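Throughout, read-outs are computed from the coordinates displayed, never taken from laboratory work. Small disclaimer: the values here were computed from a predicted structure and weren't measured. Note: ideal-geometry Cβ built from the backbone for every residue, glycine included; neighbour counts use all protein chains shown.
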Amino acid sequence: MASSPTGVPTSWLNIRRFSTLLLVGIALYATTFPIYFAVHAGRSASELGRRTEHVNDLYGTLATRSRALSVAVRLTRRPIPADAAGRSRFASTLRSQVNAQGTRLSPGNFAEVPPSMRVALARVDDHVTRLQIMLLEYAALLELGRLPEAEARQADIDGVNLALQDDLALAQRLGLQDLVKNSSALRETGRLGVQGVLWWLAIGITVVGITLWVLWRRVNRPLRHLEAGLDRVARGDLDVRLPVLVDDELGRLLTHFNQMTEVLHRRAQDQGRFVAAGELIAGIAHEVNNPLMAISALVSNRLAEGEPVPAEVREELTQVLRQARRAGRLLSGLLRFVRPDTGRATTVDLNLITRESLDLISYRFQVEEVELDEGEALVLPMVQGNPGKIEQVLVNLLSNAADALKEVAPPRLIRVRCNLEDEVVRVTIEDNGPGIKPQVAARLFYPFTSSKGDKGTGLGLYISREIAREAGGDLRLGTGSLGGACFVLTLLVARTADGAPQPAAAAGPTPESKAVPASRITDLAILVVDDEPAVRSPISRFLRRRGARVEEAGDGLAALDLLKSHEFDVILADVRMPRMDGVGLYLTIERTHPAMMGRVLFLSGDISQLQDLSLGRIPSNRMVIKPVELFTLEDAIADLLATAS
Amino acid sequence: MVALALIAVACHEQTRQVTIGYAFPSFGRPQVEVARDEIAEQAAADRLPISIVFDSLGTDEPSDIEVERAQRMVAIPGLVAVVGHGGSRGALAAAPIYNDARVPQLVPLGTSRLLRTAGPWTFKLAPDDSVEGDFIGAFVASRPGIRSVTLFFVNDEYGAGLRDGVTAALKRHGITLLDRVAVDPGSDLATLVDGALLRGAPDAVICAARSNETGAIAALMRDRGHQVPVVAGDGALLLPNLVNVAKEAADSIYVVAFWSADATDSMSQAFVARFQRLLHRTPVSSDAMEHDGIMLIVHAIREAGPSPKAIADYLRALGKSRPPYLGVTGPITFLPDRPTRLTMLRLSHGEAIRVPSDDGQ
């Protein structure tokens, strides 16, 4: 028994061959029965019948000739006519009688006769022939008038005739003995036939038992293992590994099962690490966003307040503000990418998602000397799909391209192009890497197919294409001009209720804009609730500068105390705070100041909380993510009031 | 019980032997020596070690003995074909054994037409008895002064077959058949001859019998004062036995032969020379027929291969997909319309001499 590449013994007798052999065996078993009877019993019986019939015919012929000659012999015992004419007539009659009996039998006939009878029948034949000749001699003697010799010859004729009758009787007796013997042989054949049938049945039962055992071992047992394994997988046990005893069809099926559960197991572990990383990132983001918010707010206030700042310092402060905002965007992107996706969104701002995907992976591009060619910016309409999933596809394609480019020397180039054609937006991502090998290309989008060897799970492109197809689009391999791989993601344009293309959201205000808009919060009473003074204070200062009357509280309980003595138009509350967080504050206000319910705006540096909150009683449009532009915050406050009123 | 001799004559001492069975009465054994000599002469071109197994019981074996001999033959390992047995009766008796065993049986001397239907593995070399009977009838009719004949026949397949052929031919030629008398080796031939003469004195006697009966009948006819030609079938041509029995009447005997030693073709002359060199006598028709039988099988082995089926296929193909085999007795096929080379010989001073077709005596 040889071994397969996996080390499992390879059996020549795989299930298909076994099934074929089983069918052939059944056919042989079924047909051998009648063949056995035909050969063993039928042929013997037929041969016996044929030989018996032959002996009977031969004996019958000889007996007939003998009886006819006996009549002639009896004629010779009559008185011989005295006259020549009478003797001549008598001789003529005798000759006619004798010549009518023909020649002796062909020796070929005796070859079919059993040896025990052969001599007796041959002697009968010889006697018959001899008797014929003697009768002819007797007739000749009569005609010749040699009467004494004729009388002497008559005695000889009687002797030969007597011997003939004796031999005929002997042949008859031997024939009967042969018949009895043949009957015994036939009975013995029948007995052996029955014995053969019993043996045959015994062999059949044994073979059936062995076959069932082999079937149980080769088919039933692996199937039971597979069924149990599937049950365990269905219960979430991805550690299950099934024993593969033989490399036949079921063995290969079990091997594939083991490979799939192993991949699923690795994926689950990766997924777990991914979720844990997301939570870590969320925590870090909260911790980082607050300082970023503080930095951004402090610098914004410093630049916006009228005190003269030297140009060099202004430039440095502007740079600090820009970097803080950039760090904030990056964190937002990371949080969005790692957060669990509900899949409920049905439209995607491809302009934004593409930009954010590129931002996510831009650091890697810099480190690995990858030049990104984004081409001319194009404002695309909204497309159908889930933003998180589409972003996952884009990041996957960009990451694959970056992986491929590791194999080539700089210049390394990735080209991203977005095109709008009627109902479809086409995103093309190509590189100048080694490209996809033809033997891999044919199965590229199949599960567990990877061009990265052991480094890839072989599921990325498969899942990406499934995401694209779920959204009504597709992902396919295209033909690029850079010489490397080229992937084309197509997505359907989202439509409004009246069938028109749904436009993308307008871009927000430019953070570095130097033009100061008119205040929208003049004379508003605003309560800023945040546990971090570094955040709370610059926000309050900005709001005051914009004409609002601002009170500050360090947590929910402090805010509630203030609410007892003050009335506010808007409450701006951080979500995560000690003693009483923003949610607790909101739920308390619901009971104590229900009129304020529509005037609470939340601030959070942890975007991962957004989903949880939006599922709760807090409307999703009340959340402002830190770090936030102070003017954007002002707009959010003004919009909230407009909505509430 | 007749002595049994089983002699294996090997042409080459090789482990892979091809065996031909030779089943004839003991007086046929010298044929093996001649065949062996010819095979040895061709050995340089022959890669097959061919041996001949000889099985003889003596003369005039009963049919059941022939069957037993055939059974011994087919049990010999490596047997590919058999040449024999003896005359029509022996060959017919043995034919079922060879047909059951699927071993080709080549019958050189049997003339019974029954041999043609004995089985697909039985091949008859000699012409049918009806052809021989017709030849005898035509010969008798061509002799001047012959208007009536008496026919003696042995009461077996050979004699009966020849009797029927002769009877038909005589009837066609308008020759009167005075009597047809059955004889046997133990018959009182004198009485039978005298009885037959009562039905008239024939111008010629025809004997479808062996040499003993033919010689005795010729002698009896001469004793009874009837010096008429005695025309016999091929079964009587056993020299010098026929001459010894017939005595002074021998010169009145004409015998049908399938070949004559005075044939002028090169094959016949070479065969006569070889035969005389080895056996110190002149071969007769049966010698040539048996020799052709053995050498035809040897040729078939060389051409078609040493298997019974290949040999049988080869023999059946002669005259069809293969050319006829050129033997001493002429071109050989086993087709029904095969041309025959029957010759009439006359005994003269103990020798069988060819009778020219236009010779009146």
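Against the longest principal axis of chain A, how steep is helix A:350-367, in degrees 0 to 90 to the nearest 10, with axes from Cα atoms?
That works out to roughly 90 degrees.
Measure nothing fancy, just the Cα-based angle from helix A:43-76's long axis to the longest principal axis of chain A, in degrees from 0 to 90, nearest 10.
10 degrees
Looking only at GluC sites (Glu not before Pro) in DSSP loops with at most 15 other Cβ atoms within 10 Å, what is the longest site-free stretch of chain A? List each step's numbers first, then the result.
Working: sites that count: A:Glu305, A:Glu368, A:Glu369, A:Glu374, A:Glu376, A:Glu407, A:Glu423, A:Glu512, A:Glu567.
Segment A:1-304 is the longest.
Taking K and R as +1 and D and E as -1, what net charge do the other residues with C-beta under 9 Å from the C-beta of A:Ile429 add up to? Intermediate values should be presented prior to the final figure.
On the way: positive: A:Arg415, A:Arg417; negative: A:Glu430, A:Asp431.
My count for the surroundings of A:Ile429 gives 0.
For segment B:126-239, just say rounded, prolate or oblate: build the C-alpha gyration tensor, square-root its eigenvalues into a ≥ b ≥ c, call rounded for a/c under 1.5, and beyond that prolate if a/b exceeds b/c, oblate if not. Write down the numbers at each step before the final one.
Numbers: a/c = 1.56, a/b = 1.10, b/c = 1.42.
Judged from the Cα gyration tensor, segment B:126-239 comes out oblate (a/c at least 1.5, b/c at or above a/b).
Run the helix sum for chain B: -39,500 (n - 2.57) per DSSP H stretch of 4+ residues, divided by residue count, reported at 222 nm to the nearest 500 deg cm²/dmol. Please list the in-between numbers first.
Values: 11 runs with 142 residues, N = 361.
Helices in chain B give a 222 nm mean residue ellipticity of -12500 deg cm²/dmol.
When a/c reaches 1.5 or more, the comparison of a/b and b/c decides; with that in mind, is segment B:62-206 rounded, prolate or oblate per its Cα gyration tensor? Display every interim value, and only then the final one.
On the way: a/c = 3.98, a/b = 2.10, b/c = 1.89.
Taking the square roots of the gyration eigenvalues as a ≥ b ≥ c, segment B:62-206 is prolate.
Counting other Cβ atoms within 10 Å of each Cβ, which trypsin sites (Lys or Arg not before Pro) in segment B:300-361 have at most 15 and sit in a DSSP loop?
Numbers: sites: B:Arg302, B:Lys309, B:Arg316, B:Lys320, B:Arg341, B:Arg346, B:Arg354; in loops: B:Lys320, B:Arg341.
For trypsin sites (Lys or Arg not before Pro) across segment B:300-361 that sit outside H, G, I, E and B with at most 15 neighbouring Cβ atoms in 10 Å, the list reads B:Lys320, B:Arg341.
Enumerate lysine pairs in the protein assembly as shown that are 8 or more residues apart or on different chains, then count those whose Cα atoms are under 20 Å apart. Show your work: numbers first, answer last.
Numbers: A:Lys406/A:Lys437; A:Lys406/A:Lys452; A:Lys406/A:Lys455; A:Lys437/A:Lys452; A:Lys437/A:Lys455; B:Lys124/B:Lys309; B:Lys124/B:Lys320; B:Lys309/B:Lys320.
Taking the protein assembly as shown as the scope, the lysine pair count is 8.
Roughly speaking, what is the centre-to-centre gap between segment B:224-254 and segment A:183-226 when only Cα atoms are used, to the nearest Å?
75 Å
Compute the acute angle (0 to 90°) between the alpha-carbon long axis of helix B:308-317 and the principal axis of greatest extent of the alpha-carbon atoms of chain B; round to the nearest 10°.
50 degrees
Would you tally the net charge around A:Pro503, using a Cβ to Cβ cut-off of less than 14 Å, leaving A:Pro503 out, and scoring K and R as +1, D and E as -1?
On the way: positive: A:Arg495; negative: A:Asp349, A:Asp498.
Cβ neighbours under 14 Å give a net charge of -1.
Give me the net charge for the shell around A:Ala163: Cβ to Cβ below 13 angstrom, other residues only, Lys and Arg +1, Asp and Glu -1. Kindly include the intermediate steps, with their values, before the conclusion.
Details: positive: A:Arg123, A:Arg130; negative: A:Asp125, A:Asp126, A:Asp156, A:Asp158, A:Asp166, A:Asp167.
Within the 13 Å Cβ shell, the charges total -4.
Where a ≥ b ≥ c are the square roots of the eigenvalues of the C-alpha gyration tensor, would you call segment B:275-361 rounded, which needs a/c under 1.5, or, failing that, prolate if a/b is larger than b/c, or oblate? Mind dumping the intermediate values first?
Numbers: a/c = 4.10, a/b = 1.74, b/c = 2.36.
Oblate, since a/c reaches 1.5 and b/c is not below a/b.
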